[in-house]
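Before any comments, here is the structure.
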Amino acid sequence: MEDANSLYKDILLDVSSGNEKAFALLYDLFAEDLSKHILTKVGDMLTAEDILHDLFLSLWKNRKKLPEIKSLPAYLYSSCRYLILSYYRNKDKLSMSNLDIQNLDILNEDIPLEERMHYRYIIDIVNQEIENLPEKCREIFKLSRVDYLSNKEIAQRLAISESTIEKHINKAIKRLRLASKNLTIIL
Amino acid sequence: MIQKYQLIQLITKFLNAKENSSQKEEVINWYNQHSTYDQKLLEEKAAVLQKNTKTRLVKSINSPKTNIVKFLNIRNAVAASILLIGISSLIFFLSNTAKDKLATANQLASVQPAQERAIITLENGKKIELDKLKINETIQIDNITISKDEHGKVSYRQSDSKKEIIQLNTLSVPKASIYSLMLTDGTIVTLNAGSKLIYPSSFGDGDRSVFLEGEGYFEVTKSKNNTRFIVKTSKQQVTVLGTKFNIKAYPEETKTQTTLAEGKVSISNLATAETAKILMPNQQATNNNFSPMSIETIDIENAIGWTKGQFCFDGKNTTAVFEEIARWYDVDMDYSNYQRNTTQYKGKIPRNLSLDKLMKLLNFAEIHTKASLTNNQRIKLQLN
């Protein structure tokens, strides 16, 4: 089922300009389903409240970026999942030994939560678009941007000319830029 | 089962957006499968959660702009509310028709959008409820096999071509329902709320004919011997070879509209008996009893938006869309206060919402709607 993105777009536009009534409408439209989802993952009511609260507060803090969002339900779900995973990490960290905690990767909390959540959403969209690239194009793009091979190395590995490699990479960038048109990304 | 330490490590990578694709898959899989043990009273808890959080949010946002009308201080507020109660009781006492009560938010929230429901009635009167069929279940009636695949799609097959007893069956989709069915030739027909399709249990070698009342979207397959597919409605007949089109022919409406998505169709008006007209993709033919058929090019999305889960307002069809809303939710409409403005709403609204959420969206789009409960407990929407 397609999302009714044109009407959600209008609401998001209003929210982005600071309209609290529109924000309240957004809350009324989605909070019920999100509440149910949170409660199936998080047992404790107070924590669930924190998560739902932080979710929408982050939305409000990040409201200038809202009109860029193509699928509002997907964005809300992705952000909700981020918060639940974050809560789960904090909860279980408490029951870990000191040694284990020291060996854990550091969560970069200098970056504000709402920016990390937004970035997560963007990266998921870009990754999806990468998977939608034509096969050869995708393979070459990944070798370049994921495995950090130089164009020369890719050309050698795949036995194709360097200029063809360049063409594929440019094609990929063009398509990815198009797909993530309004989102702030530097590729 | 994944070890706790490993899991937290994976989650940390995910939260930093530094995971690789297989790590992401592990995290997502774990997340999807994970659930709390206590799932009792989920609905009630969710309602409380939603309400409490809203109060907290309001405080957190703490904007200087408020919606409170500033001239109402406490004294006036009390006086004003007493006055309101007084006036409405007065109206109640003085009117001689029973006043419709305003529908409450809870009543509206419980009105769900259309469900997938349909009934096939055989020639002998026996009824089969298609939504009661389980996934991958197959039932056999005479020489017909009806089966529901793993995606919930229902198809119709002739099981034994030796015994060719062709019956006329009826597929009925009640109000607040929608259904898709695959016929014996592979044609897929999707029926909108309040519609009926009468079709033969098998098509044989000649023309494939069906009769439609209401609204249906057809994806017709080309048959091996290029036989035509014909859809008859009370006012017209649409002939196709293989194509995708939508016919809207509700008995309670005066016009019949045929919209073509792909392919080519030929339409004849049964009342005027004028020569058949050919429709090209993105064109819509309107048949209006005894006036000649009119054809115009339109935005196809508006005509078939219903098959994609949307109500499509195109700036001119507000009443028509509300008729759809009425059928989709099985509510009644009241247009007595409606003044057709020059600027009507243009946009798409999802169909999968409960009625209270739909009304919030409509009112946000400046389509002012009110809901009340009539004497016989039906919900009536008033468009202003």
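Every residue, every condition in (1) buried (at least 16 other Cβ atoms within 10 Å of the Cβ); (2) more than 14 Å from every other protein chain (Cβ to nearest Cβ); (3) more than 25 Å from residue A:86 (Cβ to Cβ), yes or no:
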| residue | (1), (2), (3) |
| --- | --- |
| A:113 | yes, no, no |
| A:116 | yes, no, no |
| A:125 | yes, no, no |
| A:133 | yes, yes, yes |
| A:144 | yes, yes, yes |
| A:148 | no, no, yes |
| A:156 | no, yes, yes |
| A:159 | no, yes, yes |
| A:165 | yes, yes, yes |
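Each residue in segment A:20-46 was checked for being assigned to a loop (DSSP other than H, G, I, E, B) and either facing chain B (nearest Cβ under 7 Å) or modelled with pLDDT of 90 or more (or both), and 2 of them qualify. Among the residues making up segment B:22-36, those that are at the interface with chain A (Cβ under 7 Å from one of its Cβ atoms) and at pLDDT below 90 are B:34, B:35, B:36. Out of all the residues in segment B:10-21, is one or more on the phi < 0 side of the Ramachandran plot, more than 7 Å from chain A (Cβ to nearest Cβ) and buried (at least 16 other Cβ atoms within 10 Å of the Cβ)? The answer is yes, given that some residue of segment B:10-21 is on the phi < 0 side of the Ramachandran plot, more than 7 Å from chain A (Cβ to nearest Cβ) and buried (at least 16 other Cβ atoms within 10 Å of the Cβ).
Is it the case that some residue within segment B:264-280 is at pLDDT 90 or above, of a type outside the set (Val, Ile, Thr) and closer than 23 Å to residue B:196 by Cα? Checked segment B:264-280: at least one residue is at pLDDT 90 or above, of a type outside the set (Val, Ile, Thr) and closer than 23 Å to residue B:196 by Cα. Select from segment A:120-158 the residues that are more than 30 Å from residue A:55 (Cα to Cα), of a type in the set (A, V, I, L, M, F, W, C) and part of a helix (DSSP H, G or I) and list them in ascending order. Scanning segment A:120-158 gives A:137, A:140, A:141, A:143, A:154, A:155, A:158. Is it the case that segment B:250-258 has a residue that's part of a loop (DSSP other than H, G, I, E, B), of a type outside the set (Val, Ile, Thr), on the phi > 0 side of the Ramachandran plot and free of Cβ contacts under 8 Å to residues at least 12 places away in the same chain? No: segment B:250-258 contains no residue that is part of a loop (DSSP other than H, G, I, E, B), of a type outside the set (Val, Ile, Thr), on the phi > 0 side of the Ramachandran plot and free of Cβ contacts under 8 Å to residues at least 12 places away in the same chain. Scanning segment B:103-138 for residues that are outside any loop (DSSP other than H, G, I, E, B), touching a strand residue (DSSP E or B) at 6+ places or on another chain (Cβ under 9 Å) and surrounded by 14 or more Cβ atoms within 10 Å (Cβ to Cβ) turns up B:107, B:108, B:119, B:120, B:121, B:128, B:130, B:131, B:138. The set of residues from segment B:345-364 being crowded, with 16+ Cβ neighbours inside 10 Å and within 23 Å of residue B:307 (Cβ to Cβ) comprises B:345, B:347, B:348, B:349, B:350, B:351, B:353, B:355, B:357, B:358, B:361, B:362.
Does residue B:73 satisfy the condition of being more than 10 Å from every other protein chain (Cβ to nearest Cβ), modelled with pLDDT under 80 and over 22 Å from residue A:78 (Cβ atoms)? Yes; evaluated as a whole, the condition is true for this residue. For residue B:356, the conditions (1) assigned to a loop (DSSP other than H, G, I, E, B); (2) in contact (Cβ under 8 Å) with a residue 24 or more places away in the chain are fulfilled apart from (1). Residue A:163 meets all of the listed conditions (1) closer than 23 Å to residue B:25 by Cβ; (2) at pLDDT 85 or above; (3) hydroxyl-bearing (Ser, Thr, Tyr) but one, namely (1). The residues of segment A:71-110 that are surrounded by 17 or more Cβ atoms within 10 Å (Cβ to Cβ) and among the charged types (D, E, K, R), listed by number, are A:81, A:89.
Yes/no per residue for (1) at pLDDT below 75; (2) part of a loop (DSSP other than H, G, I, E, B); (3) assigned by TED's automatic domain parsing to the domain that holds residue B:308; (4) not hydroxyl-bearing (Ser, Thr, Tyr):
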{"residue": "B:52", "(1), (2), (3), (4)": "no, no, no, yes"}
{"residue": "B:63", "(1), (2), (3), (4)": "yes, yes, no, no"}
{"residue": "B:68", "(1), (2), (3), (4)": "yes, yes, no, yes"}
{"residue": "B:83", "(1), (2), (3), (4)": "yes, no, no, yes"}
{"residue": "B:90", "(1), (2), (3), (4)": "yes, no, no, yes"}
{"residue": "B:151", "(1), (2), (3), (4)": "yes, yes, no, yes"}
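In the set B:363, B:341, only one residue is without any contact (Cβ under 8 Å) to a residue 60 or more places away in the chain, polar (S, T, N, Q) and more than 14 Å from chain A (Cβ to nearest Cβ); that residue is B:341. It is to be established whether one or more residues within segment B:196-216 are closer than 18 Å to residue B:155 by Cα, modelled with pLDDT of 85 or more and assigned to a loop (DSSP other than H, G, I, E, B). Looking through segment B:196-216, none of the residues is closer than 18 Å to residue B:155 by Cα, modelled with pLDDT of 85 or more and assigned to a loop (DSSP other than H, G, I, E, B).
The values are calculated or read from the model by the stated rules, or taken from the named source; none is laboratory data. Since the structure is predicted, the reported quantities are computational estimates derived from the model, not experimental observations. Note that we place each Cβ from the backbone using ideal geometry, even for glycine, and neighbour counts take in every protein chain shown.
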